[in-house]
Amino acid sequence: MNAFFPQTTNALKNITDMFDLLWPMTTALWNLRCNVKGFLAESPNATQELLNQRFASGSDIEILNFKASIIDKTWESQKEEISWILLGWLFSIYEGWLSELRDEVFNGMDNKKLQYPEKFQNEINRYTSAPSIILKKCIFPAYSKCKKVSTSKIKNMLYCCRVFKEMRNCYMHHSKKADQKLLDSYNMFMANIKSPQDLHVKEIPEILPISLGKPITPSFRGVVGFSNVLINLILSIEAEFIKSKDAELWFNKCIMASPQKKQITFSNIQSKAIQQMNKLVTNCGFYRTIHFPEDLLKHIKGLTP
């Protein structure tokens, strides 16, 4: 299913691309560990130079400290480091998505409010309290029924998002030690999330116990699971914004900019005209399923440059 906004399509693609790099990178690290340890079991006196020649030749990486990077590191500790990297990537994508929506579609949108469970609804209501009648009737229903969308669970998803964001903040600013903001968000998460259905996922992302002032250990499985929550959150927030007048302006702009719209002459036969409209809407990147297509056809026919 296509996202409504290209900014959302780009964000989802970035998450996919990130995992397309992460999985082979993590697998390669595991195999490198196995190969290096196996080699050292047979050649315990191998030098750093020999290890570089055998395992790093041709990689353009000239200085690889095998002792610090492989020999003295446990696999669990390296998965922890990968988890921190993954968290940084995920929040860069989410915050970048919000910034693009603000700059290109929703002028004046307060991005920060869409990152807090207590504030997001007021920001959405600011754009949807006087909704787009045509999009709410014809376009929103199809997007709201996407299997990854659950607009009623956005608040719960943000409880989850907040914990992982505060974990990342503590990693960056507090030497991986839990501060009060993280503890508060963790307690809110634990109080509100009781089952996977609360987050519209199959498994609640694992979050290891958190204590104030104590070091944080992210769960690799938990961070990967959180990425699914984040995808659901992005698509659910997008679905809500589809009902807005700003989304209608964006939709109209995309339709009018289409070369097909400039060339099309709608048939006088309603069924054929609807087929032409469906093709036009799909070619503009929107989802093909349309509710009350006759109304949307009338709307599109009425658009003028």
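Every number in this text was worked out from the coordinates using simple rules, so none of it is lab data. None of these values were measured; they are calculated from a predicted model. Heads up, the Cβs are rebuilt from the backbone with ideal geometry, glycines too, and the neighbour counts pull from every protein chain shown.
Computed values, structure above
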item: Counted charge near HIS200, where neighbours are those whose Cβ lies closer than 10 Å (Asp, Glu -1; Lys, Arg +1); result: +3
item: Amide H within-cut-off set for LYS176, under 5 Å, with H built and near neighbours excluded; result: TYR171
item: Surface/4 of the Cα convex hull for the chain, nm²; result: 20.4
item: Residues LYS261, LYS155 arranged by fewest to most Cβ contacts within 10 Å; result: LYS155, LYS261
item: Calculated P(r) of region 258-301 - Cα pairs past 16 Å, %; result: 26
item: Distant alpha-carbon pairs in region 1-157 (separation over 25 angstrom), percent; result: 51
item: Evaluated at q = 0.14, 0.19, 0.23, 0.24 Å⁻¹: base-10 log I(q)/I(0), Debye formula over Cα of region 60-117; result: -0.61, -0.76, -0.94, -0.98
item: Pairwise label distance in nanometres, MET172 with SER69, each label 7 Å out on the Cα-Cβ vector; result: 2.6
item: Rg ratio (alpha-carbon, reference 2.2 N^0.38 Å) - region 103-239; result: 1.14
item: Rounded if a/c under 1.5, otherwise prolate or oblate - region 3-71, Cα gyration tensor axes; result: prolate
item: All Cα pairs of region 123-171, percent lying beyond 16 Å; result: 60
item: Charge dipole (the chain, unit charges on Cβ, about Cα centre) - positive-most of LEU22, ASN111, TYR171; result: ASN111
item: Gaussian network model of the chain, springs between alpha carbon atoms under 10 Å - residue of ILE63, ILE193, ILE82 with greatest fluctuation; result: ILE63
item: J(HN,Hα) series, region 124-130, from Karplus relation 6.51 cos²θ - 1.76 cosθ + 1.60, nearest Hz, glycine and proline x; result: 5, 4, 4, 9, 10, 5, 10
item: Using θ = phi - 60° and Karplus 6.51 cos²θ - 1.76 cosθ + 1.60, couplings along region 104-111 (whole Hz; Gly, Pro as x); result: 10, 10, 10, 4, x, 5, 8, 4
item: Highest average packing first - 208-216, 42-50, Cβ atoms within 10 Å; result: 208-216, 42-50
item: Distance from region 58-108 to region 130-163 (C-alpha centre basis), Å; result: 29
